[in-house]
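Heads up: the structure comes next, in structure tokens.
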Protein chains: 4
Amino acid sequence: MSSIDTLAELLAKLPGIGPRQARRIVYYLLTQNYHTLERIADAIKDLKKETKKCVECGRFFPIHSHANTECTICVNPNRDTSKLMLVEKDVDVEAFEKSGVYDGKYFVLGGTVTLFEKNPKDRLALLPLKKYLEKHGKDLSEFIFALSATPSGEETAAYVFDDLKEVLESLSVSISKLGRGLSTGSELEYADSDTIKNAFERRQ
Amino acid sequence: MSSIDTLAELLAKLPGIGPRQARRIVYYLLTQNYHTLERIADAIKDLKKETKKCVECGRFFPIHSHANTECTICVNPNRDTSKLMLVEKDVDVEAFEKSGVYDGKYFVLGGTVTLFEKNPKDRLALLPLKKYLEKHGKDLSEFIFALSATPSGEETAAYVFDDLKEVLESLSVSISKLGRGLSTGSELEYADSDTIKNAFERRQ
Amino acid sequence: MSSIDTLAELLAKLPGIGPRQARRIVYYLLTQNYHTLERIADAIKDLKKETKKCVECGRFFPIHSHANTECTICVNPNRDTSKLMLVEKDVDVEAFEKSGVYDGKYFVLGGTVTLFEKNPKDRLALLPLKKYLEKHGKDLSEFIFALSATPSGEETAAYVFDDLKEVLESLSVSISKLGRGLSTGSELEYADSDTIKNAFERRQ
Amino acid sequence: MSSIDTLAELLAKLPGIGPRQARRIVYYLLTQNYHTLERIADAIKDLKKETKKCVECGRFFPIHSHANTECTICVNPNRDTSKLMLVEKDVDVEAFEKSGVYDGKYFVLGGTVTLFEKNPKDRLALLPLKKYLEKHGKDLSEFIFALSATPSGEETAAYVFDDLKEVLESLSVSISKLGRGLSTGSELEYADSDTIKNAFERRQ
């Protein structure tokens, strides 16, 4: 297989890139100078060398010193350790950080589960989450389920809740989930009954 | 102008129908028998004869007896008259009724205003709304702004609130608006900062 | 059923209008004055009274005098009667007339057939087409299949061709179909192999 | 800047990848093992090492032996050297090869020009094209403009034609361009007048 085909095939596995776009990217790269290609290749190779998974919350973070095992949020003394927010993935942490609304800590679950999956545990960081709760549970006053308002988000929340039930009950934490209602930009006319119900019940 | 062109032009003025679809509809109608066309034409002509605008809430409703001046919701003794929900248009009432979540009364504003409009009052049923509040204000304990979570919905709510401020203050009613948060189906990754902020602050 | 529901149901049967848009149109009509509704209703009722199906080509045409049985194209002495173009529906005639490229005559088939349909003949004006060919066949030098480049267009062309084979062979007419190739606006990169093949073979 | 941000920024410059998708890809890569990342990085670095631009036609091709300076199509003795097809980019060559309709040679122009561009020559391989025509012109009997049916394709064809006019006239070659007409899948009802005109005039 030619290196054009090889690279096109590898790129087509990345999220959101189809076979046709993969080839367009390969031919685009061919028109770039070698230095540009080297920069991209090096950035890909360096990605994991210069990044660690936080031992506390599971987020990926840039390594500044090799002694670090915790991410910038986990080592930040100004974060409120009484709140823990459970998110699915790293970009969700970024979305909350960008909104500036939350000053507590996060835990990255690493995925979602579906209803009839056989071993959902394998894809979720449930053991590390329990370890986190054992270690920091005494400081905790609120545990926030911040999963998407989608069927897979709901099912994952239910699954995790079930799995953590005993642990969470043994701690005296309040459990919350993100508020449902009208998203910014929603027109009532096109809202589904579920959203209308939520928007009404959570009127303020 | 031929009757084909005339009808196509009239249909193209209806909401959501462009000139091309208008012609398709006309040629479709030509293939139907006369009885079908007559039924549609009669239903259009009868529409206003058999429908009234409720003197109380401004909704259109089917006339059952000519003595009626109020709609089925306004005459329903089981509706909770202590709540009034302000909506933009009739289909919004239908959306709430379909969700089954609300048992109070409605008021149909009839439109939205934009920020720099000259005479917004002309397009909104503000006088009838004041008359409603004069008449029923003493029974009222909650006034709910149920407008869309769009810029025009927000501006209209602000405009109406400003216009009604004194009246509402003179009554001892609580004022609420629909809750904001994640709409059903929203993925966190694609939610804007404003929605994330609302979803977090209104966590439950 | 209220007249609001009745009309919404009738409108939802028209091509391209769903139940939600149907209700929006009904509520829009309710805000219009009676005169506007009457104009639309009258235009619908008059549509068939003032329109005839041409006995020659099957097009719908506005009646100017009740003596007329043929459409403006069929009675036009400047149209080239040596060409006959077979189209699926009236809007296709309009598309050709708008392009100004064709000066021959049309025949409107009235529909398309699908491969496994039981009685395709019922939906196609094949008998009138044969009558047309009997009457005008001696003047004819070209018969043009102007059906869509879709599976149903192809299948219909094949079906009609098969049905007319003998008649067409008895006349000394050349048979043609619309040229295939790149549509205006097509990018090669996104063209399918079939279109590329046609565009190449019909290069000019 | 962290290596996460660096890579996200580099990826966001690739065709069809926005900033948000770039971050999703980075976090996806972080969940993959080092070997996978190394394979992608190596494929990017090797891309230009193992690929050459054909000295004849300008296509990128995999190097099998370092002696090669011409691509697999240009060295193929079975290709018909009497035809030359001018395409914009490498993926267009792939589209024609996939269709299996063409057995001549290609020339890759490397881009398109727009009407008011200052130095369009800089972005098009016009000098190499002239060199090709000098060298192979005597064998040539047909020169095919195979550019997209878009404004930029049309303008580029006009520009190249103008630039090559004298050269092409000095050779006795016929000049053609891809056929226009109905693309596979086109419905007549939605075709523009230009496409209808082409489809009619190129009926077959």
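The values are calculated or read from the model by the stated rules, or taken from the named source; none is laboratory data. The shown structure was predicted, so the numbers you read here are calculated from the model rather than taken from an experiment. Reconstructed Cβ throughout: ideal geometry from the backbone, glycine too, with neighbour counts over all protein chains shown. What goes into the accessible areas is simple: the full protein's heavy atoms, side chains included, and nothing from ligands, DNA or RNA. Shrake-Rupley method; radii C 1.70, N 1.55, O 1.52, S 1.80 Å.
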How long is the range C:1-84 along each principal axis, judged by its Cα atoms, biggest number first, in Å? 53, 26, 20
Based on the Kirkwood radius over alpha-carbon pairs, what is the Stokes-Einstein translational diffusion coefficient of chain D at 10 °C with 1.306 mPa s viscosity, in µm²/s? 79
Given H placed 1.01 Å from N in the peptide plane, which residues other than close sequence neighbours of D:Ser176 have an amide H under 5 Å from its amide H? D:Phe143, D:Ile144, D:Phe145
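Order the following by accessible area, largest value first: B:Val173, B:Val87. Probe radius 1.4 Å; ligands, DNA and RNA are ignored. Intermediate values should be presented prior to the final figure.
Values: B:Val173 25, B:Val87 0 Å².
Highest to lowest solvent-accessible surface, that is B:Val173, B:Val87.
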Calculated P(r) tail over 19 Å for the range C:115-170, as whole % of Cα pairs: 30
Can you compute the helix-only [θ] at 222 nm over the protein assembly as shown? Use -39500 (n - 2.57) per DSSP H run of at least 4 residues, normalise by all residues, nearest 500 deg cm²/dmol. -14000 deg cm²/dmol
Would you give the gap between the C-alpha center of the range B:1-53 and the C-alpha center of the range B:83-115, rounded to a whole Å? 28
Spherically averaged projected area in nm², based on the convex hull that wraps the Cα atoms of the range A:25-144: 11.0
With a 32 Å threshold on alpha-carbon distance, the violating pairs from B:Lys49/B:Lys130; C:Lys177/D:Lys131; C:Lys165/C:Lys197 are C:Lys177/D:Lys131
Taking every residue in C:170-182, how many Cβ atoms of other protein chains lie within 10 Å of its Cβ, on average? 6
Could you state the accessible area per residue of chain D in Å², with a 1.4 Å probe and every protein chain left in place? 47
Could you please state how large a percent of the accessible area of the protein assembly as shown is carbon and sulfur, counting protein chains only and using a 1.4 Å probe? 51
Give a residue-ordered list of calculated ³J(HN,Hα) values for the range B:9-20 (Karplus: 6.51 cos²θ - 1.76 cosθ + 1.60, θ = phi - 60°; whole Hz; x for Gly, Pro). 5, 5, 5, 5, 8, 6, x, x, 10, x, x, 5
Can you compute the charge dipole magnitude of chain A about its Cα centre, using +1 on each Lys and Arg Cβ and -1 on each Asp and Glu Cβ, nothing else charged? Give it in debye, rounded to the nearest 20. 460
At 1.002 mPa s and 20 °C, Stokes diffusion of the range B:97-204 via Kirkwood alpha-carbon radius, µm² per second: 135
Taking the Cβ of A:Leu14 as the centre, find all other residues whose Cβ is under 13 Å away and add up their charges (Lys, Arg: +1; Asp, Glu: -1). +3
Quick check: pseudo-label points 7 Å beyond the Cα along Cα→Cβ at B:Met1 and C:Ala67, how many nm apart are they? 2.9
Summing Lys, Arg as +1 and Asp, Glu as -1, what charge do residues with Cβ under 13 Å from the Cβ of D:Met1 carry, D:Met1 excluded? -3
In nm to one decimal, list the spacings between the D:Ser172 label point and its equivalents in the other copies, with label points set 7 Å along Cα to Cβ, shortest first. 3.7, 10.3, 10.7
Return the FRET efficiency for the residue pair A:Asp163, A:Phe116: r is the Cβ-Cβ distance, R0 is 22 Å, and the value is rounded to the nearest 0.05. 0.85
Relative contact order (percent, whole number), chain A, Cα cutoff 8 Å, 6+ residue spacing: 14
Other chains' Cβ within 10 Å of B:16-29 residues: what's the mean? 5
Stokes-Einstein diffusion coefficient of the protein assembly as shown, Kirkwood radius over Cα pairs, 20 °C, 1.002 mPa s, in µm²/s: 65
Under the definition of partner shielding as Cβ atoms of other protein chains within 10 Å of a residue Cβ, what is the mean value for peptide A:149-157? 3
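Counting Lys +1, Arg +1, Asp -1, Glu -1, what net charge surrounds C:Thr51 among other residues with beta carbon under 12 Å of its beta carbon?
Surrounding charge for C:Thr51 is +2.
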Once amide hydrogens are built 1.01 Å from N within the peptide plane, the residues lying 5 or more places from D:Lys52 or on another chain with amide H under 5 Å from its amide H are D:Phe61, D:Ile63
Using a 1.4 angstrom probe and counting only protein chains, how large is the accessible area of B:Asp163 in Å², to 10? 40
Alpha carbon centre of the range B:180-201 versus the range A:151-204: separation in Å? 11
What is the log10 of I(q)/I(0) for the range C:50-95, computed with the Debye formula using one identical point scatterer on each Cα and no solvent, at q = 0.23, 0.26, 0.29, 0.31 Å⁻¹? -0.87, -1.06, -1.22, -1.29
Applying the Karplus parametrisation 6.51 cos²θ - 1.76 cosθ + 1.60 with θ = phi - 60° to the phi angles of the range A:130-144, what ³J(HN,Hα) value in whole Hz is obtained for each residue in order, glycine and proline being reported as x? 5, 4, 4, 5, 4, 6, 10, x, 5, 7, 7, 10, 9, 10, 10
How do B:Met85, D:Met1 stack up against each other in accessible area, from largest to smallest, with a 1.4 angstrom probe? D:Met1, B:Met85
